[in-house]
Each structure stands twice: as C-alpha cells, then as structure tokens.
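Working notes, beginning with the structure itself.
The values are calculated or read from the model by the stated rules, or taken from the named source; none is laboratory data. It should be emphasised that the depicted structure is a prediction, and the values quoted were computed from it without experimental measurement. Ideal geometry is used to build each Cβ from the backbone, glycine not excepted, and the neighbour counts take in all protein chains shown. We work out accessible area using only protein heavy atoms, side chains counted, and drop any ligands, DNA or RNA first. Shrake-Rupley method; radii C 1.70, N 1.55, O 1.52, S 1.80 Å.
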Amino acid sequence: MSHFDILATDGKARRAQLKTAHGIVNTPAFMPVGTAGTVKAMHPESVKATGAEIILGNTYHLMLRPGAERVAHFGGLHKFANWPGPILTDSGGFQVMSLAQLRKISEEGVAFRSHIDGAKIMLTPERSIEIQHLLDADITMCFDECTPFPATEQQAADSMRLSMRWAARSRKAFQQRAGYHQFGIVQGGIYRDLREESAKTLGEIGFEGYAIGGLAIGEGQQEMFRVLDFTPDFLPQDRPRYLMGVGRPEDIVGAVQRGIDMFDCVMPTRSGRTGLAFTRRGELNMRNARHADDTGPIDPDCSCPACRHYSRGYFHHLIKAKEMLGPMLLTWHNLHYYQEVMQGLRGAIEAGSLEKFVADFHAQRAESEKE
C-alpha cells in the first residue's frame with residue numbers, strides 16, 4: 001500500500017495524502033516550525049486549531065538542548081512536546097552552517113562548537129539520523145550541506161556531491177519501519193545539470209520522499225521559480241516533494257503550481273512576534289500609529305480568534321506595551337492565514353480551478369493597504 005496517494009492534479013500541482021505513523025498529512029501542506037520542541041508563542045492545541053497537521057522539529061537545537069537522549073527518555077518528541085500528530089525533523093545541516101562557531105567540514109561530517117556553550121561537537125550523517133530516530137520523527141531528513149548562495153558551478157558541484165555521499169550514508173543509517181519515512185535532499189544551487197545529477201543520485205539510493213534544498217537563501221523569487229520550473233520534473237511522480245524553508249505566501253502558491261507538496265518557514269511565527277500580520281491584502285505592521293484608534297479587526301474575512309475578538313487598536317497597544325499576548329495572538333492569526341491558503345490550494349486543485357484561485361489570490365494581495 002502506498003504511503004503517498006495523489007488524489008487530484010491540476011497542471012503540475014498535486015493534491016495528495018501522506019500517511020505517517022502519527023497520522024495523515026493532506027498536501028499541499030505547510031508545516032509550522034517548532035525549532036526547540038515548541039511552535040513559539042503557541043499551545044500545541046492552538047497550532048492544531050489553525051489546521052496544521054504536521055510540525056517541524058530542529059535536530060541541531062534539540063541535540064544541544066535538552067539533548068536527543070533526554071527527549072527519547074520522555075518517549076520521543078511527540079510526548080515530550082504534547083504534539084500527537086506527525087513531526088518532520090530537519091537534519092541539522094543548515095543550522096550548523098548558519099549558527100555554529102568555528103565549523104569545519106570534512107568527508108566524515110561537520111565539527112563545530114555549540115553556539116550555546118562552545119562545546120565541541122561532531123555531527124555526521126550517522127549521528128544526525130540517530131538523533132532524529134531518538135526524537136521519533138515521522139519524517140527524517142538526510143544529512144546534507146546547504147550550498148551557500150552565490151556559489152560558482154564548481155563550488156555547487158563539490159558541495160552537492162558531498163551531500164550525495166552523505167545521503168547514501170544517511171540512508172544506510174536509517175531504521176526502516178512502517179509509517180516512518182526518510183527524505184533525500186536535492187542540491188546543486190541554481191545549476192540545472194547539477195540539480196538533475198543530484199535528483200538522479202537520490203532516486204537511485206531510493207527515499208520515501210524528496211526535498212529541494214539550497215533555495216530561499218538570497219537568490220530571489222524569480223531565480224527560485226526558474227529552478228523550480230525544472231527540478232521537480234527530475235523527481236519520482238509518486239513521492240512527496242518538499243521545498244525547504246519557503247516561504248512567503250506568494251512563494252508557496254507559485255511553488256505549488258510547479259509541483260511542490262510540502263513547505264516550512266519561520267516567517268508566520270517570527271513575523272507574529274515582531275508585530276507583523278499576514279492578511280489577504282498583504283502584510284500589516286501593527287506597530288504603525290495609524291492602527292492606534294482602529295476599532296476593526298486585522299482582517300474582516302478571517303475567522304481566527306485574534307480577528308474575531310480583538311481590534312487593530314488593541315494589537316497596536318499590545319505590541320507597543322510589549323505584552324506577550326500580542327505576539328501570541330498575531331502568531332495564531334498568521335498560522336491560521338497560512339493554513340487557509342493551503343486549504344484553498346487543496347480545494348482548487350481538487351476542483352480543477354487552480355488558475356482562478358491563483359489569479360484571485362494575486363489580485364487580492366495587490367489590494368494591499370498603504371502603510
């Protein structure tokens with residue numbers, strides 16, 4: 001029986017269900033980021049209420065604090081964090097590149113010093129997979145090097161081929177069991193031939209799903225879409241495709257049109273904590289003085305608790321007064337908005353009306369209120 005059932009397509013876009021040990025994920029899906037075992041400023045029940053079915057946990061942060069073995073002592077991340085649904089964990093590779101001090105990459109893995117206490121740590125493909133197993137992740141990501149941008153073709157090729165050797169070791173270290181999946185990660189920068197080589201190598205190794213890494217790191221939307229115009233075509237049709245670290249609502253909609261099934265990004269939660277609200281008509285900065293006397297909701301068409309019960313003026317006050325309720329409610333609103341976009345995409349693909357959905361989405365976003 002397949003773990004990934006495609007229920008409908010519209011152009012390259014797919015509406016599917018991914019079966020995991022802790023439940024079914026309807027795709028296209030957006031995964032809220034729960035970096036250190038919590039989606040910041042949210043109760044797990046509130047995350048579920050937004051419509052999220054799967055969250056992301058972070059290998060790098062959890063291995064440093066509280067430690068993977070400690071999470072396993074509590075029965076895994078689902079029990080530890082009170083999230084009974086599916087969890088995807090990243091491999092730790094991206095955070096090692098971006099956060100760790102004095103890192104040194106070798107064939108074996110990455111040696112680095114913790115950004116918390118400076119402790120020396122070696123992260124190898126085998127250890128990354130072991131950590132994710134201890135966390136009890138439904139979806140384990142293979143260990144890779146996130147190729148920086150910009151990179152020459154030679155740099156991108158060397159980085160990608162190292163990641164492919166690590167992918168083979170990651171697969172070997174993965175303990176296969178029912179409902180648990182491992183995704184390979186396509187690298188190769190902005191170079192078509194390298195992306196194709198990477199996808200072919202991963203396909204030969206064989207994974208339950210495939211991610212596209214190394215995008216949304218500064219190349220811009222136009223270049224990202226150019227890479228997405230061809231990269232998904234190199235991947236097996238019957239497996240889920242995950243675009244890592246993306247993104248803005250416009251990025252997600254465009255990527256779904258190009259055949260992507262899964263997304264994650266800190267943007268809705270991080271923005272909520274800094275006073276930024278995502279709406280159908282663009283983003284609103286609740287710090288701005290023009291909201292101070294506004295008795296209306298953030299978004300009159302939104303059914304989340306923040307919009308049902310509170311005014312823009314109240315949010316302006318909460319953010320200015322640095323009250324924690326402001327970030328909590330704005331995070332809830334932003335995640336609700338993101339999940340509403342995903343629900344709309346799923347419905348449009350089922351109905352064969354994706355083109356109209358996308359046109360309406362862009363038209364509405366273009367109506368953005370002037371700050």
| message | Quick one: the Cα spread of the chain along its three principal axes, in angstroms, biggest first? | response | 59, 48, 42
| field | Relative contact order for region 83-183, counting Cα pairs under 8 Å that sit 6 or more residues apart, in percent | value | 28
| request: Sticking to Cα atoms, compute the Rg of region 114-256 to one decimal and its Dmax as the biggest Cα-Cα distance, whole number, in Å. | output: 15.2, 44
| query | Which trypsin sites (Lys or Arg not before Pro) does region 308-370 hold that lie in a coil by DSSP with at most 14 other beta carbons within 10 Å? | reply | Lys322, Lys370
| task | Only Lys, Arg, Asp and Glu count, each charged at its Cβ (+1, +1, -1, -1), so figure out the dipole size of the chain about its Cα centre, rounded to 20 debye. | result | 780
| task | Before rounding to the nearest 500, sum -39500 (n - 2.57) across all DSSP H runs of length at least 4 in the chain and divide by the residue total; then give [θ] at 222 nm in deg cm²/dmol. | result | -12500 deg cm²/dmol
| Rounded to whole Hz, the Karplus (6.51, -1.76, 1.60) HN-Hα couplings of region 307-321, x for glycine and proline | 7, 6, 10, 9, 9, 4, x, 5, 5, 4, 4, 4, 5, 5, 7
| Cysteines of the chain lacking any other cysteine beta carbon under 4.7 Å? | Cys142, Cys146, Cys265, Cys304
| remark: Honestly region 1-145 on the Cα gyration tensor test (a ≥ b ≥ c root eigenvalues; a/c under 1.5 rounded, otherwise a/b vs b/c for prolate or oblate) is just prolate
| field | Listed residues His3, Trp83, Pro268: farthest to the positive end of the dipole of the chain (Cβ charges) | value | Trp83
| task | Please report, to two decimal places, log10 I(q)/I(0) for region 227-304 at q = 0.14, 0.24 Å⁻¹ as given by the Debye formula with identical point scatterers on the Cα atoms and no solvent. | result | -0.60, -1.13
| task | Report Rg(Cα)/(2.2 N^0.38 Å) for region 177-318, keeping two decimals. | result | 1.34
| said: Which one, Gln132, Leu335, His115, projects farthest toward the positive side of the charge dipole computed for the chain from Cβ point charges (K/R +1, D/E -1)? | reply: His115
| said: How big is the dipole moment of region 156-201 about its Cα centre under a simple scheme where the beta carbon of each Lys and Arg is +1, that of each Asp and Glu is -1, and everything else is neutral? Debye, nearest 20, please. | reply: 260
| Residues of region 110-252: accessible area per residue with a 1.4 Å probe, Å² | 38
| For helix 153-173, what angle does its Cα long axis make with the longest principal axis of the chain, in degrees from 0 to 90 and rounded to 10? | 80
